[in-house]
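Engineer: The structure that follows is given in the form of structure tokens.
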Amino acid sequence: MNFSVSDRSLMNSSDLQAFIEQSSDAFVAYDARLRCISLNAAGAEFLGLSLDGAIDRPIAEFSDRTILTTVEQVFATQMSVTVTHSRSDRSYETVYTPVRDAAGSVVKVCSWGRPIDRAVPVTADDRRLATFTAVLQQVIDHLPWLIFWKDRNLVYQGCNQAWAEVAGLSSPADAIGKVDADLPWTAAETEWYLEIDRRVMETGVAELHIEQTQHQANGQRNWRDCNKIPLRNAQGEIIGVLGTIEDITQRKEAELRLQERETQFRTLAQREKLINYLASQIRNSLDLETILQTTVDALRSLLQVDRCNFVWYCADTDPPSYDLVHESHAADLPSVIRRYPIDNPDNPFLQAMLNFRTVAIDNLATDALLDAQTRDRLIASGYISHLSCPVQTHSGRIGILTCAHTREQRSWQTEEVELLEATAIQLAIALDQATLYHQSHTAALQAQAQARQLAHALKELQRTQMQLIQTEKMSSLGQLVAGVAHEINNPVTFITGNLLHTHNYAHDLLGVLHLYQQHYPTPVEEIQQASEAIDLDFLMEDFPRLLDSMKVGAERIRQIVASLRNFSRFDEATKKPIDLHEGLDNTLMILQHRLKAKPDCPAIAVIKDYGDLPLVECWGGQINQVFMNILSNAIDALEDRVAQETQARFAKGESLSRWDQSPSPLIRIATDVLPTFDRVVIRISDNGTGIPPHAIRRLFDPFFTTKPVGTGTGLGLSISYQIVVDRHGGLLKCRSTPQQGAEFWIELPVHQR
């Protein structure tokens, strides 16, 4: 059934329940078991029963059988029915309305009857009111909160099913007319509830989110979040109080558990803080005596005890003894540092220490763990409470940390015992470190002498290693290049020598062919077909050009072979005057394939600014290796610059023409004679990515490289430095500006000493 706007305003009326109870119209509700579950006084009169006598009574027991038939019809058809019931003194026009749950099933039937003999007939609003009352009860029964309301005298006038169950009632109707004293609350709870209800009605101000505990009918005590709101009639007068309650037991229990955990965490954090502080104090020194004294001082301060001692157990003395070596005590207490003999090594206290168990004694006078001699000695020294924890070191020595109270008895707490045990662990680590430090310090003094002897040997070994690498590399390269050049040179010589004869033979054959064409212009058909098939005219024209091309290629191969032989100079075991320009040209020819344009890099221009150099006395193969290393690095830097510029343009979304980088990749080679005329300089520069300042200082170190892993060994420039500086007495240096390029300065003496 749908409600109009006026119906909804009726639903929001706070005095609806009071209106139903005080109405002279008969209101009765029936459940699916066909029993009466709720009614007002007029409804009881309609049924001819008392209020208490009608509740939970089967309809079949009523005198009017029409009621049973009508209720069954409404449950079956799920539609409202209007019936006129006749009584001896009056007649009732009664509306029976189905009430549905959230799933749409009919769970109740409510009837609203008005006497017909009245002057005022039953109206549609009356029928809607009856329906609304049932729906309203159904709604509040399905809300997740406990809901109740009281009148001005704090008498319960209604509630929902959830509240009724908490109060130990079978249905909301059972709450009507009851007061808090009738319910299973404690006396204190009852008085507090009434105090809040009176205050809300007196002030007219709602009190919200009142957290409280409540004794339930089932004996449990739960946490509640309660709201108390004043109820007003149409004239604004306060006529009662409405209460809504939310069960927050799970939340409060979670909060309590969280508080307990926070307390535990704070305790653990405080303990951890103390342990860390103590550990830092212990480990600040690697001196054994300082560590032990710092430990007892810190422990006495942290635990607030009268004494804290450290004792070594000495099993190798006769008899065994306790050697008290460090103590911290109050200013008014005497020192107890000395050795104490152990008359009974089998006493329980010592056995506990040897088995690494902590011993906490609250009262020495009544404890039986200590042997009589030790107990009497401690009591004579003023000890009352005693806490001991063994300390085990890797060296096998056993120490004992003790804390004592001399002024009053002290009950040792679990946290204090755990703190002492944690301190013992830290102390054992510190003692081991101190022992290792002492041993390592002694070993270091011995090793220093050996280190000084090895330093010179290592330096010589490194130099020898580099020389071996250089010699092996040059030897392998020279053998390879010389062998390849020799093997290529033989067939090239053969081809070049035969090309002249081939050219002459071809010229003679083509001359004879021309004579045949002049004297026999019209050959037989078979010759004509063969001439057309091979395109004789084109063959005669192209054949000489083909031979010329082969001659040029063979000459080029011969030049490359000569360059390889000159570059390797494998046959030159001693130094001799060398034309450095020839070495540079040979190196450039070998690197020609890297200077040409590639799909991902434009051609690299090479500018030669050669001066008038004399022949320089040197090992030519080694100097050529220097040129190769430096020029190869220059080409790598230029390729890196091109890749970076291309990637930057691509990231900016700029259009990429084929190669429009500015400036273009460039290598400049300049040679000159220094003013002293006894040295020459070769400068090789590029406009590549340059070298960072921090790398310049290590550029010639062995195995140092600025290239990605797998693309450089870090030996090229180191070997070049040894060749130029150590081998030839020259100078090799580099200057660079990042992103602008680099220049290598190679300086060589004209004559070797």
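Engineer: Among (1) at pLDDT 80 or above; (2) closer than 28 Å to L546 by Cα, which single condition is T406 missing?
Structural biologist: (2) is the only condition that T406 fails.
Engineer: Residues in the range 340-362: is at least one in contact with a His (Cβ under 6 Å, 6 or more places away or on another chain), surrounded by 15 or more Cβ atoms within 10 Å (Cβ to Cβ) and of a type in the set (A, V, I, L, M)?
Structural biologist: Scanning the range 340-362, I find at least one residue that is in contact with a His (Cβ under 6 Å, 6 or more places away or on another chain), surrounded by 15 or more Cβ atoms within 10 Å (Cβ to Cβ) and of a type in the set (A, V, I, L, M), so the answer is yes.
Engineer: Specify the residue that is modelled with the lowest pLDDT; the eligible residues are those in the range 631-654 that are of a type in the set (G, A, S) and either over 17 Å from I691 (Cα atoms) or touching a Leu at 6+ places or on another chain (Cβ under 6 Å) (or both).
Structural biologist: Our first condition is that a residue be of a type in the set (G, A, S); within the range 631-654, this holds for 632, 634, 637, 643, 648, 651, 653.
Cutting the leftovers down to either over 17 Å from I691 (Cα atoms) or touching a Leu at 6+ places or on another chain (Cβ under 6 Å) (or both) gives us 648, 651, 653.
Values: A648: 78, A651: 77, G653: 70.
So the residue we want is G653.
Engineer: Restricting to the range 303-317, what's the tally of residues that are over 27 Å from S395 (Cα atoms) and open to solvent by 50 Å² or more (accessible area, probe 1.4 Å)?
Structural biologist: Total meeting the criteria: 1.
Engineer: Can you tell me which residue among I67, I55, I37, I59 is in contact with a His (Cβ under 9 Å, 6 or more places away or on another chain) and at pLDDT 85 or above?
Structural biologist: I67
Engineer: Please go through the range 394-411 and pick out each residue that is among the hydroxyl-bearing types (S, T, Y), open to solvent by 20 Å² or more (accessible area, probe 1.4 Å) and over 17 Å from L436 (Cα atoms). Lay out the reasoning, then the answer.
Structural biologist: Restricting attention to the range 394-411, the residues satisfying the condition of being among the hydroxyl-bearing types (S, T, Y) are 395, 402, 406, 411.
Retained after the next criterion (residues that are open to solvent by 20 Å² or more (accessible area, probe 1.4 Å)): 395, 406, 411.
Passing the criteria: T406, S411.
Each row is one residue, and each column tells you yes or no for (1) open to solvent by 20 Å² or more (accessible area, probe 1.4 Å); (2) at pLDDT 85 or above; (3) touching a strand residue (DSSP E or B) at 6+ places or on another chain (Cβ under 8 Å); (4) not in a strand (DSSP E or B).
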{"residue": "W149", "(1), (2), (3), (4)": "yes, yes, yes, no"}
{"residue": "W163", "(1), (2), (3), (4)": "no, yes, yes, yes"}
{"residue": "M201", "(1), (2), (3), (4)": "no, yes, yes, yes"}
{"residue": "L208", "(1), (2), (3), (4)": "yes, yes, yes, no"}
{"residue": "Q214", "(1), (2), (3), (4)": "no, no, yes, no"}
{"residue": "G219", "(1), (2), (3), (4)": "yes, no, no, yes"}
{"residue": "I229", "(1), (2), (3), (4)": "yes, yes, yes, no"}
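Engineer: Can you pull out every residue in the range 329-339 that is within 15 Å of I400 (Cβ to Cβ) and open to solvent by less than 50 Å² (accessible area, probe 1.4 Å)?
Structural biologist: Within the range 329-339, just V336 meets the criteria.
Engineer: Hey, another quick one. Kindly indicate the residue of the range 353-389 that is β-branched (V, I, T) and in a loop (DSSP other than H, G, I, E, B) and also farthest from V311 (Cα to Cα) among those meeting that condition. First the steps, then the outcome.
Structural biologist: Going through the range 353-389, the residues β-branched (V, I, T) turn out to be 358-359, 361, 366, 374, 379, 384.
This time we only want the ones that are in a loop (DSSP other than H, G, I, E, B), so: 358, 366, 384.
Values: T358: 14, T366: 24, I384: 19 Å.
That would be T366.
Engineer: Going by the structure shown, is A422 hydrophobic (A, V, I, L, M, F, W, C), part of a helix (DSSP H, G or I) and either touching a residue at least 12 places away in the same chain (Cβ under 8 Å) or closer than 27 Å to T263 by Cβ (or both)? Write out each step before concluding.
Structural biologist: Working: hydrophobic (A, V, I, L, M, F, W, C): yes; part of a helix (DSSP H, G or I): yes; either touching a residue at least 12 places away in the same chain (Cβ under 8 Å) or closer than 27 Å to T263 by Cβ (or both): yes.
For A422, the condition - hydrophobic (A, V, I, L, M, F, W, C), part of a helix (DSSP H, G or I) and either touching a residue at least 12 places away in the same chain (Cβ under 8 Å) or closer than 27 Å to T263 by Cβ (or both) - is met.
Engineer: Further, regarding this structure: Mind checking which residues of the range 655-695 are modelled with pLDDT under 80 and either crowded, with 17+ Cβ neighbours inside 10 Å or touching a Cys at 6+ places or on another chain (Cβ under 9 Å) (or both)?
Structural biologist: Matches in the range 655-695: W659 only.
Engineer: Could you list, in sequence order, all residues of the range 586-624 that are aromatic (F, W, Y) and surrounded by 16 or more Cβ atoms within 10 Å (Cβ to Cβ)?
Structural biologist: W619
Engineer: So T190 fits all but one of (1) open to solvent by 50 Å² or more (accessible area, probe 1.4 Å); (2) under 26 Å from L51 (Cβ atoms); (3) of a type outside the set (G, A, S); what number is the exception?
Structural biologist: Single failed check for T190: (1).
Engineer: Okay, moving on. Can you tell me which condition T77 does not meet? The list is (1) over 14 Å from C110 (Cα atoms); (2) open to solvent by 80 Å² or more (accessible area, probe 1.4 Å), and all the others hold.
Structural biologist: It fails just one condition, (2).
Engineer: May I ask you to verify whether E415 is at pLDDT below 85, of a type outside the set (S, T, N, Q), closer than 30 Å to D332 by Cα and surrounded by fewer than 20 Cβ atoms within 10 Å (Cβ to Cβ)? Steps first, answer last, please.
Structural biologist: On the way: at pLDDT below 85: yes; of a type outside the set (S, T, N, Q): yes; closer than 30 Å to D332 by Cα: yes; surrounded by fewer than 20 Cβ atoms within 10 Å (Cβ to Cβ): yes.
Considered against the rule, which asks whether it is at pLDDT below 85, of a type outside the set (S, T, N, Q), closer than 30 Å to D332 by Cα and surrounded by fewer than 20 Cβ atoms within 10 Å (Cβ to Cβ), E415 comes out as yes.
The values are calculated or read from the model by the stated rules, or taken from the named source; none is laboratory data. All figures in this text were calculated on a predicted structure; none of them were measured in a lab. Note: ideal-geometry Cβ built from the backbone for every residue, glycine included; neighbour counts use all protein chains shown. Ligands, DNA and RNA are stripped out before the accessible areas are found, and what is left, the full protein with its side chains, is counted by its heavy atoms. Shrake-Rupley method; radii C 1.70, N 1.55, O 1.52, S 1.80 Å.
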